[in-house]
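See structure below.
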Amino acid sequence: MKQLVAIFLVLIMAVACNEKKTPGPGIVLFLDNVFILNQGNFTYANSSLSTYDPLTKTVEQSVFYRANGVPLGDVAQSMTINGDTAYVVVNNSGFIYAINRKTFQFISKITGFESPRNMLFVNKHKAYVSDLYGKYITVIYPLTNEVIKHIPLGRSSESMVMAEGKVFVANWSNYNQTAENNMIMVIDPETDQLIDSIQVGKEPNSMVVDSDGYLWVLCSGGYLNEEVATLWKVDPVSLTRVEKFEFEQITDNPTSLCLDQKNNLYFLNHGVFRMDISLSELPKTAFIPEGDRNFYALFIYPENQIYVSDAGNYLSNGWVYVYNSSGDETDHFEVGIIPGYFVLNR
Amino acid sequence: MNLKFNYILMVVMLALVPVQLSCQAIFDTLNLKEFEVIADHPESGNQSRTQSIDSIQMREFSQQDLGELLAALTPLYIKSYGRGTLSTVSFRGSGSTHTQVLWEGFQLNSPMLGQVDFSQVPMAFFTDVDLLFGGASLEKSGGALGGSVNLSSNFITGEIDKTIQLEQTVGSFNTYLTSLGIHLKRGKVSSFTKIIRQTSDNDFVYFNNSMLPSESMKQQNAGFENVGFLQKFSIQLKDNQQLYLMSWNQWSDRDLPPIMTNVFKLQEEYQTDMTSRTILGWKKSGKRVALQVKGAYFFENYHYYLKTISQDIDSKNLINSGFVKADVIVELGKGFLMTTGVELEHQSVNSLNYSGLKTRNRVLAMAVVEKTFFNRLALKLLLREEYSDDSFLPLLPYFGASYKPFEKEEIFIRFNVSQNYKRPTLNELYFYPVGNINLLPEKAFELEAGIDFKHDLWAGQSISIGITGYHSSISDWILWLPGDFEYWVPANIPEVVSQGLEASLNWQANVHNWKLGTSFQYAFTQSTDQSQNEVQLPYIPVHQGNGFISLGYQPYFVRWNVSYTGERATTLDTQKNFSNLLPGYWLNHITVGRTFQIRKLDLETRIKMYNVFDVDYQAVVYRAMPGRYADLTVKIKL
């Protein structure tokens, strides 16, 4: 059981914005670099990878290009660390680069996708890749970079988390599907079978698992504000809804659900909002106001520092702002175009 | 011709239009040279910059597309996504939607995108290409904030009863280009038919250094097939009256290659288009009056397909357009011309990308007065008005002057100032989900001044030099900017200022049996977004130029085309780095050929080598371009 818990913790850490709260016994937290993945512009292949060292407050830009002499690709969507390898999912290029997480040097390329979005290691030897166009999960064997099989979902897939030994997959986009995009699909990673699903709000965009093991799902309500945004608390064992929070305005478009170690949820909704999971209502005012910035992605560093990216006008380089747990800014720095994903380089 | 009648007609036509309108008259097929009315221009002194493609140049590009011709011979910037793929054109640092293409006076620009894909305009269908820069475009159309490219198909000329011409090209990458032209004449009726078929696998090998591991690969999914015909009938009703019908029909089927970083993505994109454009016209010219009335019907059917494992998207777009236009040119006195015109236009678009059928109706009117004083000074005043989308656009005025300071020297100083407006395109207004019906029309204020110099040198040589400076300020410029997720969103940006210099040099020499023709073009362009720290707009090179040299020694000929495209930014980002700055490049193409005369048969063979120095370049970021390649053309004329 301990082993399971440890694996579970590591896996959760590997997914940005899915910070595990309390470190288990024997796990020592230490400061590491933060990777900032810059999407770049769709079809412009100007993605880039930046790193930030919180101790020295130094930023390195375009580390992939500097190490390899080629561009990172078209829309670098997400990044997953497994051992010494960092996997960069390059969405519109349709591949995943495996790079050395310390030297950033190219190791290998995984191909065979339509529109890959996120990668989740379900165990040492198996990873799932979600897909915006493909109505299936692609199962990868990372040692050989082979696509082993597909798990049919009948829907597109986006963010993924593991809880209670199951993989929860959000059906975020309704692109090319007739079904409502308001489901969390449940997969058994042992058998690679779709075993169940839970209905949530429209456009579930991000998920976290809290220290009590509950799954939290943030739904934006739709690109065109088709319904009011919602936050769901789900029991991953019984697959039932525990709680549902509705946002006030139809124009609310919350994204980037994160969790810190003190059981606070964070999300973006034109500002960084913070909510204690024990509270029974959504926060009314922003913990960190957006001002004239364009907040785009959120990340909670293990010791409760808050990282929020500013995509600006989507054309020029974006910025990252760092705050301590009291909400005081401790640093800000420039990164690449549309900083859209953070991950701890550990 | 009764002059009175024509005056009355003109007055009636003007009266058809609200007083505050001025009219859009289109001279187009009313080629002044054919007229008996010829204004006393100060001997070709023009108030604006124009450029015409000469006949040798037209022959050189007879099997290619308009984009390739413009890239080689003009100072326009051609943004080509690859051979046979999308190619758009910008004048003077403006956008591709600011370049209008008119065929026989009717706009080819898509009402959806606002632009023309120049790769889909085969030169085989045209006899003349004339460029009107900046404000000069107002003479033919409104809304061409950069300028206009005017195409004509004046195939029926001369007294010959019958000609047949076959041109066959075979080239690299399994490329076959065929064109057949047949001209028949019986009494007063002439017929001209041109049929083309162009196919290519277009699977050139290139080194993909935009991905790891870097490797040589074949360009994939880039083949194309174009089939089309142009039919023109014309009846000489009287000596000065002609009725004509012409129809240009084209079917194209092409694969859309992925960018170099995306070749492993499991998807295929392709496009099939069908366009049919038909014009019925009548023209008449008298001693002091020329008149023409014409109507056109354009039908365009565009299908874009995206095929992946999970989906098969067929994005359908159907466009129907009807146009009617009439214009009159009257010589009011010696060197005093007046032109008036009206045009009605209806376009309807049925697109899966819009919610419901979208239509646009336009009423256009214009009037031009030109007067020459002392055979030295020519002034032109033009007013144009447009009513569309249920409102009037502000009046579009143009004023130009041309002055010849020395009686015996062919030196002309020219100047013009104009104001132009352009409505948003239907995509900008309605494209789901990013279209914005609140977008404002783009407004341009343009100034231009220049000097032209022509001189005959010794031994059959002549030289002409033109230098033009311009300044244009476009407010509420519509730019598609990246938004959240993958959508690009159209937005008005406050102000773009374009300014620059254009220089041209032509040198002709006929010495003994040698014929030399050279033409050089250079453009210096600054086009800056005033709201973005005056950063140069993407895909507008500061420096650009080309040269075309043709040397003939009967029966042999050599043509050399060199072009330079300077460094370009690919985004509006103020910080330039590897990913958003494309290096400049030189391209050289050389043609060698000879002509034969075998009895009544005119024969020509030529070999063209493209990108002679095998330059590895990108015209658009991460779009693969071919290295050196060649084709062989045989032309037979009977």
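5 Å is the cut-off here: which amide hydrogens, built 1.01 Å from N in the peptide plane, fall below it relative to A:ASN82, excluding neighbours closer than 5 in sequence?
Under 5 Å from the amide H of A:ASN82 lie the amide H atoms of A:TYR87, each far enough along the sequence or on another chain.
Using the count of nearby Cβ atoms within 10 Å as a rough guide to exposure, how do B:TYR553, B:TYR81 rank from fewest to most?
On the way: B:TYR553 13, B:TYR81 19.
Starting with the residue having the fewest Cβ neighbours, the order is B:TYR553, B:TYR81.
Calculate the spin-label point distance for A:LYS262 paired with B:TYR176, positioning each point 7 Å from the Cα along the beta-carbon direction, and give it in nanometres.
The modelled label-to-label distance comes out at 7.6 nm.
Checking the table B:LYS162/B:LYS608; A:LYS202/A:LYS244; B:LYS185/B:LYS287; B:LYS238/B:LYS283; A:LYS126/A:LYS262 against a 22 Å threshold on Cα-Cα, which pairs fail? Mind dumping the intermediate values first?
Numbers: B:LYS162/B:LYS608 30 Å; A:LYS202/A:LYS244 13 Å; B:LYS185/B:LYS287 27 Å; B:LYS238/B:LYS283 11 Å; A:LYS126/A:LYS262 31 Å.
Going by Cα-Cα distance, B:LYS162/B:LYS608; B:LYS185/B:LYS287; A:LYS126/A:LYS262 fall outside the 22 Å limit.
Mind checking the mean number of beta-carbon atoms from other chains within 10 Å of the Cβ atoms in A:107-114?
Working: counts 1, 2, 4, 1, 4, 4, 6, 7.
If you average over the peptide's residues, the count of other-chain Cβ atoms is 4.
For every other residue with a beta carbon closer than 11 angstrom to the beta carbon of B:LYS218, add +1 if it is Lys or Arg and -1 if Asp or Glu, then tell me the sum. Please list the in-between numbers first.
Working: positive: none; negative: B:ASP201, B:ASP203, B:GLU215.
Counting the neighbours of B:LYS218, the net charge comes to -3.
What's the average, rounded to a whole number, of partner chain beta-carbon atoms within 10 Å of each residue's beta-carbon in A:128-138? List each step's numbers first, then the result.
On the way: counts 0, 0, 0, 4, 2, 9, 5, 3, 2, 0, 0.
Rounded to a whole number, the mean comes out at 2.
Starting from the amide H of B:ASP389, placed 1.01 Å from N in the peptide plane, find each other amide H under 5 Å away whose residue is 5 or more places distant or on another chain.
B:ASN361
Only counting other Cβ atoms within 10 Å, I'd like B:PHE133, B:PHE91, B:PHE204 sorted with the fewest neighbours first. Please list the in-between numbers first.
Numbers: B:PHE133 26, B:PHE91 31, B:PHE204 19.
So the ranking, lowest neighbour count to highest, is B:PHE204, B:PHE133, B:PHE91.
In sequence order, what are the phi-derived ³J(HN,Hα) couplings for the stretch B:238-253 according to the Karplus relation 6.51 cos²θ - 1.76 cosθ + 1.60 with θ = phi - 60°, rounded to whole Hz, with x for glycine and proline?
9, 4, 10, 9, 9, 10, 9, 9, 9, 9, 10, 10, 8, 10, 9, 9
Rounded to the nearest 0.05, what FRET efficiency is calculated for B:THR278 and B:ASP239 with R0 set to 30 Å and r the Cβ-Cβ distance? Before the final figure, lay out the partial values.
Numbers: r = 26 Å, r/R0 = 0.88.
Once the sixth-power term is evaluated, E becomes 0.70.
Would you mind ranking A:ILE306, B:ILE156 by Cβ crowding within 10 Å, fewest neighbours first? Walk me through the numbers before you get to the answer.
Working: A:ILE306 25, B:ILE156 19.
Exposure proxy ranking, most exposed first: B:ILE156, A:ILE306.
Quick one: pull the percentage of alpha-carbon pairs in the protein assembly as shown with a separation above 51 Å. The partial results should precede the final answer.
Working: 138642 of 483636 pairs.
Tail fraction, whole percent: 29.
At 37 °C and 0.692 mPa s, what whole-number value in µm²/s does Stokes-Einstein give for the translational diffusion of chain B, with Rh from the Kirkwood sum over Cα pairs?
On the way: Rh = 25.7 Å.
For the chosen part, D equals 128 µm²/s.
Between B:LYS637 and B:SER216, how many nm apart are label points set 7 Å from Cα along the C-beta direction?
So the two model labels end up 4.1 nm from each other.
How would you rank B:621-631, B:433-443, highest first, on the average number of other Cβ atoms within 10 Å across their residues? If you can, show how the numbers build up before the last one.
Working: B:621-631: 19.5, B:433-443: 15.8.
The packing order, highest mean first, is B:621-631, B:433-443.
Hey, got the average number of other protein chain Cβ atoms within 10 angstrom for residues in A:89-95?
Values: counts 0, 5, 3, 7, 11, 9, 7.
Rounded to a whole number, the mean comes out at 6.
What percent of all Cα-Cα pairs in chain A falls in each 20 Å bin, counting up from 0?
33, 63, 4
Using θ = phi - 60° and the Karplus curve 6.51 cos²θ - 1.76 cosθ + 1.60, what whole-Hz ³J(HN,Hα) does each residue of the stretch A:139-155 get, with Gly and Pro shown as x?
Per residue, the Karplus-derived 3J(HN,Hα) values read 9, 10, 9, x, 5, 10, 6, 8, 7, 7, 6, 10, 9, x, 10, x, 8 Hz.
Distance in nm between label sites at A:ALA179 and A:THR111, each 7 Å beyond Cα in the beta-carbon direction?
In this crude spin-label approximation the distance works out to 3.1 nm.
Rounded, prolate or oblate, given the Cα gyration tensor of the stretch B:134-242, with a/c below 1.5 counting as rounded? Working shown, then result.
On the way: a/c = 4.70, a/b = 1.69, b/c = 2.78.
Since a/c reaches 1.5 but b/c is at least a/b, the shape of the stretch B:134-242 is classed as oblate.
Picking from A:SER280, A:SER50, A:SER309, which is most flexible by a Gaussian network model of chain A using Cα springs under 10 Å?
A:SER280
When the Cα centres of the stretch A:290-324 and the stretch B:99-139 are compared, how far apart do they sit, in Å?
That distance is 46 Å.
Return the equivalent ellipsoid semi-axes of the stretch B:48-87 as a descending list in whole Å, where each equals the square root of 5 times an eigenvalue of the C-alpha gyration tensor.
Working: eigenvalues 70, 42, 6 Å².
One finds semi-axes of 19, 15, 6 Å for the stretch B:48-87.
Taking the alpha-carbon centroid of each part, what is the distance from the stretch A:168-238 to the stretch B:561-638 in angstrom?
53
As a test of the formula, what do you get for the protein assembly as shown when each DSSP H run with n ≥ 4 contributes -39,500 (n - 2.57) and the sum is divided by the residue count, at 222 nm and rounded to the nearest 500 deg cm²/dmol?
Details: 6 runs with 51 residues, N = 984.
Calculated at 222 nm, the ellipticity per residue is -1500 deg cm²/dmol.
Just to check I understand the Karplus step: with θ = phi - 60° and J = 6.51 cos²θ - 1.76 cosθ + 1.60, what whole-Hz values come out for the stretch B:539-551, glycine and proline as x?
Running phi through 6.51 cos²θ - 1.76 cosθ + 1.60 with θ = phi - 60° gives 6, 10, x, 5, 10, 7, x, 7, x, 10, 10, 10, 10 Hz.
Hey, if you drop one equal point scatterer on each alpha-carbon of the stretch B:363-431 and run the Debye formula without solvent, what base-10 log of I(q)/I(0) do you get at q = 0.27 Å⁻¹?
Computed log10 I(q)/I(0) values: -1.14.
How long is the stretch A:72-221 along each principal axis, judged by its Cα atoms, biggest number first, in Å?
41, 34, 26
Work out the FRET efficiency for B:SER247 and A:PHE333 from their Cβ-Cβ distance, taking R0 = 51 Å, and round it to the nearest 0.05.
Details: r = 62 Å, r/R0 = 1.21.
For B:SER247 and A:PHE333, the calculated efficiency is 0.25.
Among the listed pairs B:LYS454/B:LYS635; B:LYS265/B:LYS358; B:LYS265/B:LYS576, which have their C-alpha atoms separated by more than 32 angstrom in this model? Don't skip to the end; give the middle numbers.
Working: B:LYS454/B:LYS635 34 Å; B:LYS265/B:LYS358 34 Å; B:LYS265/B:LYS576 28 Å.
B:LYS454/B:LYS635; B:LYS265/B:LYS358, as the Cα separations exceed 32 Å there.
Whose amide H sits under 5 Å from the amide H of A:GLY134, counting only residues 5 or more places off or on another chain, with H placed in the peptide plane?
For A:GLY134, whose amide H was placed from the backbone, the distant partners under 5 Å are A:GLU114, A:SER115.
Summing +1 for each Lys or Arg and -1 for each Asp or Glu, what net charge is found among the other residues whose Cβ lies under 12 Å from the Cβ of B:GLU269? Working shown, then result.
Details: positive: B:ARG254, B:LYS265, B:LYS307; negative: B:ASP255, B:GLU268, B:ASP312, B:ASP314.
Local charge sum for B:GLU269: -1.
Students often forget the sequence filter, so: which aspartates and glutamates lie under 19 Å Cα-Cα from B:LYS637 once same-chain residues fewer than 8 apart are removed?
Reachable aspartates and glutamates: B:GLU60, B:GLU159, B:ASP161, B:GLU167, B:ASP602, B:GLU604.
If each residue of separation counts as 0.36 nm, what is the full-extension length gain between B:ARG599 and B:PHE373 once their alpha-carbon separation is subtracted?
Numbers: separation 226, 0.36 × 226 = 81.36 nm, distance 5.27 nm.
Extending this stretch completely gives an extra 76.1 nm.
Compute the distance from the alpha-carbon center of the stretch B:502-529 to that of the stretch A:44-58, in whole Å.
Centre-to-centre distance over Cα atoms comes out at 48 Å.
B:LEU505 to B:ASP201: extension gain in nm, 0.36 nm per residue of separation minus the Cα-Cα distance?
Values: separation 304, 0.36 × 304 = 109.44 nm, distance 3.78 nm.
Gain on extension, B:LEU505 to B:ASP201, equals 105.7 nm.
Rule-based calculations on the coordinates, nothing more; no lab input. Keep in mind the model is a prediction, meaning the values are calculated, not measured. Because the Cβ atoms are built from the backbone with ideal geometry, glycine has one as well, and the counts that use them run over all protein chains shown.
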